[in-house]
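Working notes, structure below.
FYI, it's all coordinate maths here, none of it is from the lab. Note that the structure is predicted; figures quoted are calculated from it, not measured. So basically every Cβ, Gly included, is an ideal-geometry build from the backbone, and we count neighbours across all protein chains shown.
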Amino acid sequence: MKFTIEKCFDQLPLKAYEKWKEGLTDIETFVKEGLNLVFFAPRGNDNRMEHEGDEFYFVARGNGQIVIENQRFRCENGDAFYIPAKTEYYFENFTDDFATWAVFA
């Protein structure tokens, strides 16, 4: 299977709702036996998040910052970040073309 940045990016944002007033900014592209691949391209403001499982983010294009438990890191194309389960994080100060792949396990 092949997943492309352009195809995913063009589908966003998805429908808006209370939590994501500017529209949902991720697409679950693959799910199999506890492994999820998500394309995430925040627009505007990113909400603070935490998930039940561990996750990896791989920056696919653009740049910005990720805040993980109040520690700020610059992130740019090619960077990877590990976020343990139940850890608060969010992205900020990102470029309009910022996009990541996220792997949830």
How large is the dipole of region 46-105 about the Cα centre if only Lys and Arg carry +1 and Asp and Glu carry -1, each at its Cβ, rounded to the nearest 20 debye?
120
Residue among Ile83, Phe9, Phe94 farthest towards the positive dipole end of the chain, charges placed on Cβ
Phe9
Here are a few candidate values for Rg/Rh (Cα atoms, Kirkwood Rh): (i) 1.23; (ii) 0.98; (iii) 0.93. Which one was actually calculated from the structure I just gave you?
(iii)
Computed about the Cα centre, the charge dipole of the chain from +1 Lys/Arg and -1 Asp/Glu charges at the Cβ has a magnitude in debye, to the nearest 20, of 160
